[in-house]
Protein chains: 2
Amino acid sequence: MKLATLRRGGRDGRLAVVSRDLKRCVLVPGIAPTLQAALDDWAALAPRLAERAAALEMGGGQADVMPFDAAQCAAPLPRAYHWVDGSAYVNHVELVRKARGADMPASFWTDPLVYQGGSDDLLGARDEVPFGDEAWGIDLEAEIAVITDDVPMGTGVAAAGAHVKLLTLANDWSLRNLIPGELAKGFGFYQSKPATAFAPVAVTPDELGTAWRGHKVHLPLVSRINGADFGRPDAGTDMTFDFAQLIAHVTKTRRLGAGAIVGSGTVSNYDRSRGASCLAEKRTLEQIESGSPRTPFLRFGDRVEIEMLGADGGNIFGTLDNRVTRAAS
Amino acid sequence: MKLATLRRGGRDGRLAVVSRDLKRCVLVPGIAPTLQAALDDWAALAPRLAERAAALEMGGGQADVMPFDAAQCAAPLPRAYHWVDGSAYVNHVELVRKARGADMPASFWTDPLVYQGGSDDLLGARDEVPFGDEAWGIDLEAEIAVITDDVPMGTGVAAAGAHVKLLTLANDWSLRNLIPGELAKGFGFYQSKPATAFAPVAVTPDELGTAWRGHKVHLPLVSRINGADFGRPDAGTDMTFDFAQLIAHVTKTRRLGAGAIVGSGTVSNYDRSRGASCLAEKRTLEQIESGSPRTPFLRFGDRVEIEMLGADGGNIFGTLDNRVTRAAS
């Protein structure tokens, strides 16, 4: 099934079941008012939501069915209790470090790298994304994210995959020119990782069919900047750590609460003809090839689209289509 | 006023107004079911909660007043949307780095250091705190935390202080032996910072009287290990960045949502006779003095208490009294 959060009824919006073709939707207040409420009691409520989704697919003249409009969507979870982002495409990490002349420790191939993002302000797929200064080095990062139920502390890789209840797409905006100073302080990212934007729709793994296997999504992740193709790397290729491994890593010393969001990090393929999922990677390749980057970071007014099409050409999660703007001062 | 969350009615508990002497409390379902709900609409609801608190102080035989029992409390916010912890007592950072022979950049005195903690699982003041392995180097970190309302992006220091709506205490457990490996990866803490525990009660700034000034709490923060005094540094002394400065720092590139928790970091004084608020500091001093640390990290069964007494000797936030246990495997 496909789920979305419509912007109404307060900070957490209202949960809607969405048709597979993203054309119709229906609010489900009788089952759960919000996606967080559904995730809090997922085992009991998911079958009821699935039933409603099946009825929606059957069509029929239910009076409460509405046209689905991605512009009315908040992030599937407009605010969440945990947002941890991996860096699972290690070839990307290796490449970026190479450009600045730094070797990558061999342990990066076996020990996942993760950071914790702000989860109190998750942006919708059509939101304007305000930044204070273009000089901060505004970049997109197109990635896959999963949403879990409750995951106990010490969950092993074998048990972790079953905790993936939903998948969606994210644009984990980065402020590249704030990163070096911040990482030099040793405590990781904070100012350099502003609010993340999410696709209009989150889907259960079965919606991906055979494209969801080995706890990876085997489909190209498409991104465009100002309408021009930017990248379409395959999210199932070159993913060093699958989502089960990421979840096992993050629950080594803690549990995850229902509704935790776990990201893949920027999707990246060795096959450079697939393009990139962030400007940093493109600029790094330019630097390696010609001594300096040519492609600028994003500017106020730039538009970034991210989407994923199924084998049948259908848009799975809806399209992120965010415009970068100057923050009100 | 003083507020607590009683462990009933689901994952977010139920909001209670608590008497100043921590002896009585009353649920306030007619005002707000949970603390998060109160913070989501603080300007409208805080005056009504304050009225209820005033009535509770007056005494009287209201049928719904109950004895207050800290053992029935969850964390004031059992789960939150944002938990960012500063490291505002820079002398502590300088000391710990000195012990490992590392200079501290001068910018640390002017540019706050913060990290983002997991907020989906905040522990109550009497919870057992499970860890997988004593070899991880289990440590306490006694600190002050504030809870904000909505804070816009780009809030300056002058405006930031007014966003402090509540204060409480936290024990931000650290796994010291996991930190070096994790920080070496460059992305900051994750596995080395497990779930944080909070005091039973959160209070509005006016409850602190003149002890709340300059956006600092000018009172000793008391910690005990297995019943023995461990430290009582003054939280208002040697705090390089006050809470207004911390909030301004964390909102440079993002907004904070209502109910965001901002921590001070381990409270630490130059006056070593005040003791410490974490074992790492004590061990560092031992290493500087005698070449090696003598005090071990915490062991399964150890008990850690943290509290703060007002000028009148009254317990302000209630006492954190957590026992370290071996996680079920």
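The values are calculated or read from the model by the stated rules, or taken from the named source; none is laboratory data. Bear in mind that the values here come from a model prediction, so they are computed numbers and not experimental data. For neighbour counting, all protein chains shown are included, and Cβ atoms are generated from backbone atoms with ideal geometry for every residue, glycine included.
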Would you mind finding the one in B:129, B:84 that is modelled with pLDDT of 95 or more, within 12 Å of chain A (Cβ to nearest Cβ), buried (at least 20 other Cβ atoms within 10 Å of the Cβ) and farther than 23 Å from residue B:164 by Cβ?
-> B:129
Output the residues belonging to region B:63-92 that are not hydrophobic (A, V, I, L, M, F, W, C) and not in a helix (DSSP H, G or I).
-> B:64, B:67, B:69, B:76, B:78, B:79, B:81, B:82, B:85, B:86, B:87, B:89
Within the set of pairs 6+ apart or on separate chains, which have a first residue in region A:126-139 that is on the phi > 0 side of the Ramachandran plot, a second that is at pLDDT below 95 and among the hydroxyl-bearing types (Ser, Thr, Tyr), and C-beta atoms under 6 Å apart?
-> none
Got at least one residue in region A:170-177 being surrounded by fewer than 22 Cβ atoms within 10 Å (Cβ to Cβ) and within 12 Å of chain B (Cβ to nearest Cβ)?
-> yes
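Is it fair to say residue B:152 is within 13 Å of another protein chain (Cβ to nearest Cβ), surrounded by fewer than 24 Cβ atoms within 10 Å (Cβ to Cβ) and touching a helix residue (DSSP H, G or I) at 6+ places or on another chain (Cβ under 9 Å)?
In short, yes.
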Residues in region A:305-329 that are more than 18 Å from the chain's Cα centre (by Cα) and part of a strand (DSSP E or B) total 2
Strands (runs of 3 or more DSSP E) lying entirely in region B:93-185 (those with 1 or more residues that are in contact with a Cys (Cβ under 9 Å, 6 or more places away or on another chain)) = B:142-148
Scan region B:87-97 residue by residue and report those that are surrounded by fewer than 24 Cβ atoms within 10 Å (Cβ to Cβ) and either under 19 Å from residue B:171 (Cβ atoms) or at the interface with chain A (Cβ under 10 Å from one of its Cβ atoms) (or both).
-> B:93, B:96, B:97
Which listed residue, of A:39, A:35, is within 12 Å of another protein chain (Cβ to nearest Cβ), crowded, with 19+ Cβ neighbours inside 10 Å and in contact (Cβ under 8 Å) with a residue 40 or more places away in the chain | A:39
Within the bounds of region B:108-124, is there any residue that is touching a helix residue (DSSP H, G or I) at 6+ places or on another chain (Cβ under 9 Å), at the interface with chain A (Cβ under 9 Å from one of its Cβ atoms) and surrounded by fewer than 20 Cβ atoms within 10 Å (Cβ to Cβ)?
-> yes
Output for region A:42-53, where each listed residue is exposed (fewer than 13 other Cβ atoms within 10 Å of the Cβ) and in contact (Cβ under 8 Å) with a residue 12 or more places away in the chain | A:43
Give me the pairs, please: first residue somewhere in region B:248-270 and within 11 Å of chain A (Cβ to nearest Cβ) and in a helix (DSSP H, G or I), second residue anywhere and surrounded by fewer than 24 Cβ atoms within 10 Å (Cβ to Cβ) and of a type in the set (Asp, Glu), beta-carbon distance under 9 Å, and either six or more positions apart or on two chains.
-> B:249/B:111
Would you mind stating whether residue B:238 is modelled with pLDDT of 95 or more, assigned to a strand (DSSP E or B) and among the charged types (D, E, K, R)?
-> no
Do you know which residues across region B:186-211 are on the phi < 0 side of the Ramachandran plot, in a loop (DSSP other than H, G, I, E, B) and within 14 Å of chain A (Cβ to nearest Cβ)?
-> B:187, B:189, B:190, B:191, B:192, B:193, B:194, B:195, B:196
Can you spot a residue in region B:273-289 that is within 18 Å of the chain's Cα centre (by Cα), of a type in the set (Ser, Thr, Tyr) and closer than 20 Å to residue B:71 by Cα?
-> no
Here the residues within region A:271-301 that are surrounded by fewer than 24 Cβ atoms within 10 Å (Cβ to Cβ), part of a loop (DSSP other than H, G, I, E, B) and not hydrophobic (A, V, I, L, M, F, W, C) are A:271, A:291, A:292, A:293, A:294, A:295, A:296, A:299, A:301
May I ask you to verify whether residue B:100 is basic (Lys, Arg), over 30 Å from residue A:118 (Cα atoms) and out of contact with any helix residue (DSSP H, G or I) (no Cβ under 9 Å at 6 or more places or on another chain)?
-> no
